[in-house]
1. Quick one: would you say residue 177 is open to solvent by 60 Å² or more (accessible area, probe 1.4 Å) and without any contact (Cβ under 8 Å) to a residue 12 or more places away in the chain?
2. Filter region 116-134 for residues that are open to solvent by 10 Å² or more (accessible area, probe 1.4 Å) and either part of a strand (DSSP E or B) or over 16 Å from residue 182 (Cβ atoms) (or both) and give the result.
3. Looking at region 51-108 only, could you name the residues that are among the polar types (S, T, N, Q) and either open to solvent by less than 10 Å² (accessible area, probe 1.4 Å) or touching a residue at least 40 places away in the same chain (Cβ under 8 Å) (or both)?
4. Would you point out which residue out of 113, 137 is at pLDDT 95 or above and either open to solvent by less than 10 Å² (accessible area, probe 1.4 Å) or not in a strand (DSSP E or B) (or both)?
5. Consider residue 94 against the criteria (1) in contact with a helix residue (DSSP H, G or I) (Cβ under 6 Å, 6 or more places away or on another chain); (2) under 22 Å from residue 23 (Cα atoms): it satisfies all of them except one. Which criterion is unmet?
6. Within the set of pairs 6+ apart or on separate chains, which have a first residue in region 22-47 that is within 15 Å of residue 104 (Cβ to Cβ), a second that is open to solvent by 60 Å² or more (accessible area, probe 1.4 Å), and C-beta atoms under 7 Å apart?
7. Filter region 24-50 for residues that are among the aliphatic types (A, V, I, L, M) and either part of a helix (DSSP H, G or I) or open to solvent by 20 Å² or more (accessible area, probe 1.4 Å) (or both) and give the result.
8. Just checking, does region 143-151 include any residue being of a type in the set (A, V, I, L, M, F, W, C), farther than 11 Å from residue 38 by Cβ, assigned to a strand (DSSP E or B) and touching a residue at least 12 places away in the same chain (Cβ under 8 Å)?
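The values are calculated or read from the model by the stated rules, or taken from the named source; none is laboratory data. The model shown is predicted, which means the values in this text are computed figures rather than measured ones. No Cβ is skipped: glycine too gets one built from the backbone with ideal geometry, and neighbour counts run over all protein chains shown. Heads up: the accessible areas ignore ligands, DNA and RNA and are worked out on the full protein's heavy atoms, side chains in. Shrake-Rupley method; radii C 1.70, N 1.55, O 1.52, S 1.80 Å.
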Amino acid sequence: MYAISLGDDGAELRPLEPWQAQEFLTHMDRGREFVGQHIALPDSVTDLASSRSFLQSYAEKAAADTGRIYGIWADGKLVGGVLFRTMDVAHGTAEAGCWLEPSAAGRGLVTRAARVIIDWAVDERGIHRVEWQVSAANEPSIAVARRLGMTKEGVLRESYRYRGKRHDMEVWSVLAPEWRAAGQAS
């Protein structure tokens, strides 16, 4: 299996695959409450079977070229991840997302990992538009969108029903020419 370095701190980005279901479940158990503040991932991954099923769904998306999932490892431990929840190569669009357990927060891991997958999507797959949809209450994820140079396009008012409440969702995006220009400037 390959790993991509995320910097001098030893953090790595690797594919997350069905055979890693136990490690993924253990990670989700450590961060369940924290991760579940804004996204339903911990509600979907509750036991080994659901963990395997979730990762298998992304293996199938990867095979169909409609999505990808990657884990972030720090100090040899799975601590979070980034993904393309959707990817439509023919239309040149993708929706990126992330999650992180509390022990890894504040280290820039998600921003670094998201840069790697967006670079790949734009440069290798020809994606023109990468979206980042985020709960308006999820300040850390909004901060990642800003650090990635994304533009806030608007708010989908009360569009996301989660745990019995309706939440506003912000839509952020970056276009390939903007992404490339920002990469050349840095």
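1. Details: open to solvent by 60 Å² or more (accessible area, probe 1.4 Å): yes; without any contact (Cβ under 8 Å) to a residue 12 or more places away in the chain: yes.
Yes.
2. First, the residues of region 116-134 that are open to solvent by 10 Å² or more (accessible area, probe 1.4 Å): 116, 119-120, 123-126, 128-129, 131, 133.
Result: 124, 125, 126, 129, 131, 133.
3. Initially, region 51-108 is screened for residues among the polar types (S, T, N, Q), giving 51, 53, 56-57, 66, 86, 93, 103.
Once the filter is applied, which keeps residues that are among the polar types (S, T, N, Q) and either open to solvent by less than 10 Å² (accessible area, probe 1.4 Å) or touching a residue at least 40 places away in the same chain (Cβ under 8 Å) (or both), region 51-108 yields 51, 103.
4. On the way: 137 fails: at pLDDT 95 or above.
Selected residue: 113, the only one of 113, 137 that is at pLDDT 95 or above and either open to solvent by less than 10 Å² (accessible area, probe 1.4 Å) or not in a strand (DSSP E or B) (or both).
5. Among (1) in contact with a helix residue (DSSP H, G or I) (Cβ under 6 Å, 6 or more places away or on another chain); (2) under 22 Å from residue 23 (Cα atoms), the lone unmet condition for residue 94 is (2).
6. From residues that are within 15 Å of residue 104 (Cβ to Cβ), the pairs are 31/102; 34/102.
7. Filtering region 24-50 for residues among the aliphatic types (A, V, I, L, M) gives 25, 28, 35, 39-41, 45, 48-49.
Passing the criteria: 25, 28, 35, 39, 40, 41, 48, 49.
8. The first filter runs over region 143-151 and keeps only residues of a type in the set (A, V, I, L, M, F, W, C), leaving 143-145, 148, 150.
Now restrict to residues that are farther than 11 Å from residue 38 by Cβ: 143-145, 148, 150.
Those left that are additionally assigned to a strand (DSSP E or B): none.
Scanning region 143-151, I find no residue that is of a type in the set (A, V, I, L, M, F, W, C), farther than 11 Å from residue 38 by Cβ, assigned to a strand (DSSP E or B) and touching a residue at least 12 places away in the same chain (Cβ under 8 Å), so the answer is no.
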